[in-house]
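Take a look at the structure below.
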Amino acid sequence: MTSAVVALGQTTAAAASLESGNVLFQQPGFFRVGPAEQELCSPSVLSSGKNVSFDPATGQVGGSALSGDLAAALRGMLRRFSDEAQAFVARTCPEYAAHLVRGRTSFRPVEIAGRASSWRKDDTRLHIDAFPATPVQGRRILRVFANVNPQGRPRAWRIGDSFDEVGRRFAPALKMPLPGAGVVLSALRITKTPRSAYDALMLQLHDRMKEDSSYQQTAPQTACEFPAGSAWMVFTDAVSHAAMSGQYQLEQTFLLPVKAMGAPDKSPLRILERLMGRPLI
Ligand code: SIN
Ligand code: FE
């Protein structure tokens with residue numbers, strides 16, 4: 001079964017819908033770029049890479065080439081978006097509110113279509129999200145996206161197989177990491193904390209999906225367009241997705257403990273543990 005894009009307002013059970021693998025869609029109007037912020041919609045805000053990042057805990061902005069008033073405007077927009085995304089999740093899924101851990105915020109000012117990248121970093125290929133440097137230890141990755149394109153252009157995604165299907169298909173190709181490997185990675189500062197077996201397997205899954213061209217073409221998938229001004233939220237660790245085109249997007253990452261879910265059995269952690277036949281945390 002592939003995921004569906006469900007309009008908020010059409011569902012009274014938002015968390016259950018998210019946990020089943022749906023994308024919850026919010027009509028345009030959720031977040032607006034203010035008049036003083038219009039100048040920020042340019043790829044020239046970047047110093048390098050494809051995103052500006054923001055740490056809501058410290059107020060630190062990374063990857064920006066701006067200074068002075070424009071740098072302050074960028075920080076202000078990222079902070080405002082981050083706060084609004086938090087409020088958005090809390091009012092849409094009140095049962096998650098007390099358990100959400102707010103992660104990084106990002107601003108993505110580069111057109112996706114035609115962007116050169118290695119297959120591993122190519123987000124136009126279907127994948128689930130997994131973090132190489134910041135292990136999640138089984139926690140869910142819940143992301144809020146807002147398309148802030150000032151020219152009114154949509155952000156186009158493909159949405160693919162459920163995590164059950166992805167897991168079943170790729171589990172035979174997954175290799176348990178060597179005991180102690182996760183601790184070595186953190187000692188070498190490749191990861192911020194030790195990488196759990198779960199994190200290692202999720203990274204493998206991400207890679208196996210992206211490198212498999214036949215899977216990319218034959219997996220069940222639906223194209224969808226998120227109009228300029230709209231927002232959506234989705235568990236990107238479980239919903240197979242690919243971003244095909246679009247420019248100027250804000251994104252907020254949240255981590256959610258599996259025990260805060262209404263249906264923990266639907267978490268990638270529990271699904272992978274069943275498939276691998278052992279605990280992964
Ligand atoms: C991704 O998480 O794969 C990219 C989503 C996007 O930038 O639209
Ligand atoms: Fe992704």
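The values are calculated or read from the model by the stated rules, or taken from the named source; none is laboratory data. No experiment lies behind these values; they were computed from the predicted model shown. Please note: Cβ atoms are built from the backbone with ideal geometry, for glycine as well, and neighbour counts cover all protein chains shown.
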Any residue at all in the range 92-100 that's farther than 30 Å from Arg169 by Cα, away from ligand 1 (no atom under 16 Å from the Cβ), among the β-branched types (Val, Ile, Thr) and in contact with a Lys or Arg (Cβ under 8 Å, 6 or more places away or on another chain)?
no
Meets criteria (more than 16 Å from ligand 1 (Cβ to nearest atom), of a type in the set (Ser, Thr, Tyr), buried (at least 17 other Cβ atoms within 10 Å of the Cβ) and closer than 27 Å to Arg274 by Cα) for Ser162
yes
Please work out if Arg189 is among the basic types (Lys, Arg) and within 18 Å of Leu269 (Cβ to Cβ).
no
Return the total of residues in the range 101-125 being out of contact with any helix residue (DSSP H, G or I) (no Cβ under 6 Å at 6 or more places or on another chain), hydrophobic (A, V, I, L, M, F, W, C) and within 13 Å of ligand 1 (Cβ to nearest atom).
3
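Among Ala197, Ala156, Ala171, which is over 24 Å from Ala263 (Cα atoms) and either small (Gly, Ala, Ser) or modelled with pLDDT under 95 (or both)? Give the derivation first.
Numbers: Ala197 fails: over 24 Å from Ala263 (Cα atoms); Ala171 fails: over 24 Å from Ala263 (Cα atoms).
Only one candidate passes the filter, namely Ala156.
Just need a number here: residues in the range 238-272 that are more than 28 Å from Pro109 (Cβ to Cβ) and surrounded by fewer than 21 Cβ atoms within 10 Å (Cβ to Cβ). Show your work before the answer.
Filtering the range 238-272 for residues more than 28 Å from Pro109 (Cβ to Cβ) gives 257-272.
Those left that are additionally surrounded by fewer than 21 Cβ atoms within 10 Å (Cβ to Cβ): 257-260, 262-265, 270-271.
Adding up the residues that qualify gives 10.
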Positions within the range 135-182 being under 25 Å from Arg91 (Cβ atoms) and either among the acidic types (Asp, Glu) or within 16 Å of ligand 2 (Cβ to nearest atom) (or both), in sequence order
Val136, Arg140, Ile141, Leu142, Arg143, Val144, Phe145, Ala146, Asn147, Arg155, Trp157, Ile159
Only one residue in Ala133, Ala219 is within 16 Å of ligand 1 (Cβ to nearest atom), of a type outside the set (S, T, N, Q) and within 21 Å of Gly21 (Cβ to Cβ), so which one is that?
Ala219
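Given the options Thr11, Thr58, name the one that is modelled with pLDDT of 95 or more, of a type in the set (Val, Ile, Thr) and surrounded by fewer than 18 Cβ atoms within 10 Å (Cβ to Cβ).
Numbers: Thr11 fails: modelled with pLDDT of 95 or more.
Testing whether each residue is modelled with pLDDT of 95 or more, of a type in the set (Val, Ile, Thr) and surrounded by fewer than 18 Cβ atoms within 10 Å (Cβ to Cβ) leaves just Thr58.
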Please state which of the following conditions Val61 fails to meet, knowing it meets all the rest: (1) free of Cβ contacts under 8 Å to residues at least 60 places away in the same chain; (2) under 21 Å from the mean Cα position of the chain (by Cα); (3) outside any strand (DSSP E or B).
(3)
If a residue must be within 25 Å of Ser245 (Cα to Cα) and surrounded by fewer than 12 Cβ atoms within 10 Å (Cβ to Cβ), how many such residues does the range 68-116 contain?
3
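Going through Ala146, Ala130 one at a time, which residue ends up being surrounded by 24 or more Cβ atoms within 10 Å (Cβ to Cβ) and closer than 25 Å to Leu100 by Cα?
Being surrounded by 24 or more Cβ atoms within 10 Å (Cβ to Cβ) and closer than 25 Å to Leu100 by Cα holds for just one of Ala146, Ala130, which is Ala146.
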Going through the range 213-237 in order, the residues found to be closer than 22 Å to Gly114 by Cβ and surrounded by fewer than 21 Cβ atoms within 10 Å (Cβ to Cβ) are Ser213, Gln216, Gln217, Gln221, Ala223, Cys224, Glu225, Pro227, Ala228
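Return the residues of the range 1-31 that are outside any loop (DSSP other than H, G, I, E, B) and either free of Cβ contacts under 8 Å to residues at least 12 places away in the same chain or not hydrophobic (A, V, I, L, M, F, W, C) (or both); say none if nothing qualifies. Spell out the reasoning first.
Step one: filter the range 1-31 for residues outside any loop (DSSP other than H, G, I, E, B), giving 2, 5-7, 14-19, 23-26.
Residues satisfying the conditions are Thr2, Ser17, Glu19, Gln26.
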